[in-house]
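J.: Attaching a single structure in structure tokens format; questions to follow.
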Amino acid sequence: MRTVNEGDGRGAGRRLVRALAATPRALRDDLWTTARDPLPRRGWLGWLPHVHTVLLAVLMLWLNLEDAVPGPAWIATLLPLLQSAATVLALSRPVPAWWLSTLALVLVAQYRESAGPDAHWPWTIGGIVLHTLVLLLLSLRVHPRAAFTGLVATVVLGLLQITLAPPFHNGVLTEWGMISFVTAVFVGTSLRTRRVAQARLVDQQVLTAEERARRTLLEERNRIARELHDVVAHHMSVISIQAQVAPHLVENPSSELKENLAGIRENAVEALTELRRVLGVLRSEDAQADGVRHAPQPTLDRLGELVGNVRGAGLAVTTATTGRPRPLSPGVELSAFRIVQEALSNAMRHAPGAGVRVELRYRPDGLTIRVTNTPPRATPPPSPGAGHGLLGMRERAAMLGGELAAGPTPDGGYEVTAILPADAPKPSVHPAEDIP
């Protein structure tokens with residue numbers, strides 16, 4: 001155990017050394033750049049912070065001009081302009097603005113050093129306010145280490161100027177300036193940290209929603225695959241039986257024919273075995289699948305039973321069929337029944353008290369399903385979460401090469417329309433008729 005702890009300690013020490021060695025480079029990247037980083041608009045505030053910043057810069061420009069000390073007029077005008085310009089620049093380029101504002105503080109201190117003991121020194125009230133705002137805008141956009149580095153540089157610069165200045169200067173404002181600088185950086189860093197945490201939370205929520213949708217899609221596809229097992233297994237069983245019976249339907253079948261039919265039956269049995277094995281994997285986590293494993297899959301022949309059950313639950317359902325009803329392929333029959341079943345379930349869940357109409361239209365090339373409901377008469381209960389209803393219906397339609405559309409109706413109801421293609425019916429051929 002001691003060896004492990006010692007190894008952990010050495011590893012932590014190496015990581016600390018690497019972090020300290022990388023700090024100067026990181027600070028250089030953070031504070032030695034002219035990259036544009038505009039202050040974003042914040043909700044209902046819009047451009048209000050930007051306008052207030054510009055107005056404050058103009059107001060402090062006027063205050064600094066009024067607080068000028070004897071000296072060259074162009075210097076007394078240029079330095080306040082630099083400080084106000086740095087504040088406005090901080091709205092789009094905070095790092096260059098901080099450098100410009102810091103340079104202006106140094107020049108202001110040098111310019112006012114010859115002033116009397118009653119003059120504000122080393123900085124003016126307006127200069128402190130503007131640099132505080134620059135530090136706030138800087139800490140809102142850059143990494144906290146860069147913001148605190150700018151704060152330390154400003155504080156050290158102020159202390160050096162006070163230390164090296166003659167004793168008769170009035171340095172009262174310096175203490176208040178330091179307090180305002182520290183407050184601005186702490187407030188800006190806290191707001192930035194909160195904003196970054198919220199952005200990461202939103203990203204995580206988006207990733208979680210995408211993962212949930214992906215998992216829901218996979219679950220629905222597994223459910224559809226389980227339901228289609230009986231359909232595929234039926235066809236494979238028929239192939240196997242026909243291949244086994246076919247030699248007995250031909251007088252004196254050749255050995256090649258027997259061998260080919262035996263191979264067909266063997267392949268059909270192997271495919272059926274593999275299909276059941278795959279289905280066992282899909283059902284391994286489904287506790288309810290064992291109870292319905294051998295239940296026959298529903299078809300449109302059971303639509304009346306389904307509608308009767310829904311009516312018994314209190315939903316007013318009417319049905320209509322156009323075209324000539326005919327048997328469709330088992331996959332189409334199963335998918336059509338499930339689409340109607342899911343549409344009726346959604347109507348019961350989301351439109352209590354509404355009237356529902358189920359329409360089936362048989363076409364030569366397929367089947368059209370239309371399920372509509374009127375506006376709900378009562379407020380539906382809150383949904384416990386994202387369901388599989390529409391997703392499952394779309395998957396079933398897409399699996400068959402069909403289309404499904406769902407959405408609200410102009411009167412406040414809801415409509416689900418599915419178009420399922422159907423292959424042309426193949427003639428029933430006796431196995432012996434294909435054998436020469």
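The values are calculated or read from the model by the stated rules, or taken from the named source; none is laboratory data. Predicted model only: the values in this text are computed from it and were never measured. Here Cβ is always computed from backbone atoms with ideal geometry, including for glycine, and neighbour counts include all displayed protein chains. Keep in mind that these areas ignore ligands, DNA and RNA; they rest on the heavy atoms of the full protein, side chains included. Shrake-Rupley method; radii C 1.70, N 1.55, O 1.52, S 1.80 Å.
J.: Being surrounded by fewer than 16 Cβ atoms within 10 Å (Cβ to Cβ) and basic (Lys, Arg), is that true of even one residue in region 378-400?
T.: So far as region 378-400 goes, no, none of its residues is surrounded by fewer than 16 Cβ atoms within 10 Å (Cβ to Cβ) and basic (Lys, Arg).
J.: Among the residues in region 153-168, are any of a type outside the set (A, V, I, L, M, F, W, C), at pLDDT below 85 and either in a loop (DSSP other than H, G, I, E, B) or touching a strand residue (DSSP E or B) at 6+ places or on another chain (Cβ under 6 Å) (or both)?
T.: Within region 153-168, one or more residues are of a type outside the set (A, V, I, L, M, F, W, C), at pLDDT below 85 and either in a loop (DSSP other than H, G, I, E, B) or touching a strand residue (DSSP E or B) at 6+ places or on another chain (Cβ under 6 Å) (or both).
J.: Also, quick follow-up: I'd like the full set of residues that are within 15 Å of Gly413 (Cα to Cα) and assigned to a strand (DSSP E or B), limited to region 295-323.
T.: Ala316, Val317
J.: Does Glu305 satisfy the condition of being modelled with pLDDT of 85 or more, open to solvent by less than 80 Å² (accessible area, probe 1.4 Å), more than 36 Å from the chain's Cα centre (by Cα) and charged (D, E, K, R)?
T.: Considered against the rule, which asks whether it is modelled with pLDDT of 85 or more, open to solvent by less than 80 Å² (accessible area, probe 1.4 Å), more than 36 Å from the chain's Cα centre (by Cα) and charged (D, E, K, R), Glu305 comes out as no.
J.: Okay, next question. Only one of Ala397, Ala405, Ala418, Ala432 is at pLDDT 80 or above, assigned to a helix (DSSP H, G or I) and out of contact with any Phe, Trp or Tyr (no Cβ under 6 Å at 6 or more places or on another chain). Can you tell me which?
T.: Unique residue meeting the criteria: Ala397.
J.: Arg326: open to solvent by 50 Å² or more (accessible area, probe 1.4 Å), farther than 22 Å from Tyr414 by Cα, in contact (Cβ under 8 Å) with a residue 12 or more places away in the chain and not aromatic (Phe, Trp, Tyr), yes or no?
T.: Yes; evaluated as a whole, the condition is true for this residue.
J.: If you take the residues in region 100-114 that are out of contact with any Phe, Trp or Tyr (no Cβ under 7 Å at 6 or more places or on another chain) and of a type in the set (Gly, Ala, Ser), which one is modelled with the lowest pLDDT?
T.: For region 100-114, the residue satisfying everything is Ser114.
J.: Kindly list, by first and then second residue, each pair from a residue in region 191-212 that is modelled with pLDDT under 85 to a residue that is surrounded by 10 or more Cβ atoms within 10 Å (Cβ to Cβ), limited to pairs with Cβ atoms under 9 Å and residues at least 6 apart or on different chains.
T.: Ala209/Ala386; Arg212/Ala386
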